[in-house]
Amino acid sequence: METRKVSDGRQAAEGVSPAEGGREEIVRHGISAAPGIVIGPAFVMRPEIFSVPNTTVPPAEREKQIASFKHALAETRKELIQIQADMSERLGEDHARIFEAHLLILDDVMVVGDTEALIRSENRNAAWAFQKVISNILSGFEDIEDEYLRDRFTDILDVKKRVIGKLLGKQKRKLIDPSEPSVVFARDLSPSETAQFDRKKVLGYATDRGGRTSHTAILARSQGVAAVVGLEDLSARVRSGDPVVLDGNAGTVVIHPSHSTLDNYHREIKQYKKLEKELLKLTGYPAETLDNRNIQLKANIDLPDEIESAVAYGAQGVGLFRTEYFFIAQDKLPSEEEQYQIYRSVLEHMGDNPVTIRVLDIGGDKIADYLHSSPELNPFMGWRGIRFLLTRKDIFKTQLRAIYRASAHGSVKILLPLIVEVDEVKKAKQICAEVREQLRSNRFRIDDNVEIGIMVETPSAVLLADALAKEVDFFSIGTNDLIQYTMAVDRGNSKISHLYQHLHPSIIRFLKMTVDAARKHKIPVSICGEMAVDPMSTVVLIGLQLDEFSCSPNMMPEVKKIIRSVTYDECKMLVKRILKYVTTEQIERDVTRLLRERCPDLAMFHE
Ligand code: PEP
Ligand code: MG
């Protein structure tokens, strides 16, 4: 069985051992996405939660339905062969054979033939016809005791899920909240699904897919919910109600934990709670290094109600309010008035502390069905952020009107996402000026000094930082995207997550270039990407001379602890040294040494 100390980016691996009580204990290592250790029942979001539509298809459409069905079968076959190959490599050929039955079902002449016949004879859609054929087969299994045949039942169910999932690919899953606090398992969770869960019912998230900076992981962190992603096929191996342990610190999930595993985890939870309590004591203290370099520590919020915890953790403002989540958590555009009320309430909660509102960064993995009618081939490189806003000026202006109206009730800044060129900033500023003018002429009270800044989150923005700095009041570095675009590594793909490195030499150099440009033009520079909460990166960011860190409220105590344990001078020296290195390993070696020396208790939980 694997040990439990796992770092980010490690490929999923599994250990199986007999547990007391007869059920096999399954230990699976994925990617740690949000901290915390929780024990509770599993709640599995199965793709069969898809409601399969039953529609009449005109005769001219029948052949199209049959073609889609064949395509779904072929895609499922490809998927299963891939899983089989991965499994064979990881666990040996014997384990991989379990998928042979699945493949046989896909090729079964009766299953395929009956579905086609049903589409033709009943004039029905393919998903409905396939479901009916499979249901007929499964009804014959109901009273079977034989274990081997029972397993085939599960195989058929799995094939059904996969094929119907493909046929209904574009349809939304119907979300059902767990009835008691549970660990939610799913193959994948979209940010909009994560945003919709009743948080009181969710102890943790465990998904087969996803990376540490996927928006689902970020959302889990802001919700203070432990999460592990990149668990490969674990959601298919767990049933709702199974007892599980989810260790978001180490990136481990245990199904049917044995008594001794539970004892160990109870001990670890106790230790972790103690550390958390210690960290919370820092809430009233400034984020200041031992040699008095003061760093502003602000909160990232994704949903408006997170402002409460931002205040509770002593945030010195909101460094990033991602406004897109309340757009995608509902099924229509929020009105100007609705938005105004939200922004105003957040500003009022923060009092004199500034709130940086990022205008809608929709697109990529943050999709609102009512705004994106056709899927894109490369959504992260597509109609996202400022590109969306400059083509949907109606939506942009409505949001700006709401923000400027709210500016009368606190201190607000506007942040523009996904900038790649100067022209985008000029156009956006022009629209801001028009909106301000209009509001003034309509006699609205607004703040005349609302600052406008940009996200530096594309390689192009870094390379143009000098020119961009002349146009704006501040920079906010978005490392989540900056790393994705620089390293050409999808931030949500667990297969390549080992390439997603905060401390890669090219990232450190890009950060340095951005800070230098900001310094030259005397504008402040902050970081709001998840790199800010990676303990290994904190000392580097201090040494790079960033003015401000913004992160999920519950991560703030840990960041503060590191800031308060080091000197600014030693961090600057560290950066001077690592800027010469050409590999991540060299950089990590020096950083680890410093972190271990200065914060041994934190280092213990993160190594
Ligand atoms: C980033 O890219 O680092 C960032 C903070 O924005 P988001 O995670 O919302 O893309
Ligand atoms: Mg971003």
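Structural remarks
- A Cβ-based charge dipole, computed about the Cα centre of segment 309-395 with Lys and Arg at +1 and Asp and Glu at -1, lands at about 260 debye.
- Sequence-distant residues sharing a close amide H with R124 (under 5 Å, placed H): V57
- Ignoring lysines fewer than eight residues from K274 along the same chain, the ones with Cα atoms less than 29 angstrom from its Cα are K5, K200, K201, K298, K560, K561.
- Convex hull of segment 510-555 built on C-alpha atoms - directionally averaged projected area, nm²: 3.1
- Its Kirkwood hydrodynamic radius, worked out from the mean inverse distance over all distinct Cα pairs, puts segment 376-475 at 14.2 Å.
- Straight-distance candidates among the aspartates and glutamates for linking to K270, with alpha-carbon spacing under 16 Å and chain neighbours fewer than 8 residues away dropped: D247, E278, D601.
- FRET efficiency, 1/(1 + (r/R0)^6) with R0 22 Å, evaluated for R237 and D107 via beta carbons: 0.35
- Principal-axis tilt of helix 568-578 within the chain, Cα atoms, nearest 10 degrees: 60
- Peptides ranked, highest mean first, by Cβ atoms within 10 Å: ranges 323-334, 284-295, 26-37: 26-37, 323-334, 284-295
- Dipole check for the chain: with +1 at the C-beta of Lys and Arg, -1 at the C-beta of Asp and Glu, and the Cα centre as origin, the magnitude is about 1800 Debye.
- Restricting attention to segment 347-505, lysine pairs at least eight places apart or on different chains and with alpha-carbon atoms under 30 angstrom apart total 24.
- Using θ = phi - 60° and Karplus 6.51 cos²θ - 1.76 cosθ + 1.60, couplings along segment 482-493 (whole Hz; Gly, Pro as x): 4, 5, 4, 6, 6, 8, 6, 10, 4, 5, x, 9
- By average C-beta atoms within 10 angstrom, highest first, the peptides 596-602, 488-494: 488-494, 596-602
- Dividing the summed -39500 (n - 2.57) terms of all DSSP H runs of n ≥ 4 by the residue count of the chain sets its mean residue ellipticity at 222 nm at -14500 deg cm²/dmol.
- Helix 505-520 vs. the chain, principal-axis angle (Cα, 0 to 90°, nearest 10): 30
- Per-residue accessible area (protein heavy atoms, 1.4 Å probe) orders R589, R387, R124, R405 as R589, R387, R124, R405, starting from the largest.
- The residue list P505, I454, L320 was ranked by how far each Cα lies along the charge dipole of the chain toward its positive end, using unit charges on Cβ atoms, and I454 comes out on top.
- Report note on the peptides 512-524, 439-451, 556-568: ranked by the mean count of other C-beta atoms within 10 Å, highest first, their order is 556-568, 512-524, 439-451.
- Near F185, the amide H atoms lying under 5 Å from its own belong to F43, V44, M45, A206; only residues 5 or more places off or on other chains count, and H is placed 1.01 Å from N.
- Signed unit charges on C-beta, dipole axis of segment 197-248, positive-most listed residue V245, A206, V225: V225
- With both residues required to sit in the chain, DSSP beta bridges show an antiparallel share near 40%.
- Using Cβ point charges alone (K and R +1, D and E -1), the dipole size of segment 522-607 about the Cα centre works out to roughly 320 debye.
- Size-normalised alpha-carbon gyration radius of the chain, reference 2.2 N^0.38 Å: 1.02
- Considering all C-alpha pairs of segment 520-591, those separated by over 16 Å amount to 49%.
- Taking θ as phi - 60° and the Karplus parameters 6.51, -1.76 and 1.60, the scalar couplings of segment 120-137 work out to 6, 6, 9, 6, 10, 5, 4, 4, 5, 4, 5, 4, 5, 4, 5, 4, 4, 5 Hz in sequence order, x denoting glycine and proline.
The values are calculated or read from the model by the stated rules, or taken from the named source; none is laboratory data. Quick caveat: nothing in here was measured; it's all calculated off a predicted structure. So basically every Cβ, Gly included, is an ideal-geometry build from the backbone, and we count neighbours across all protein chains shown. Note: accessible area is taken over every heavy atom of the protein model, side chains too, but ligands, DNA and RNA are not part of it. Shrake-Rupley method; radii C 1.70, N 1.55, O 1.52, S 1.80 Å.
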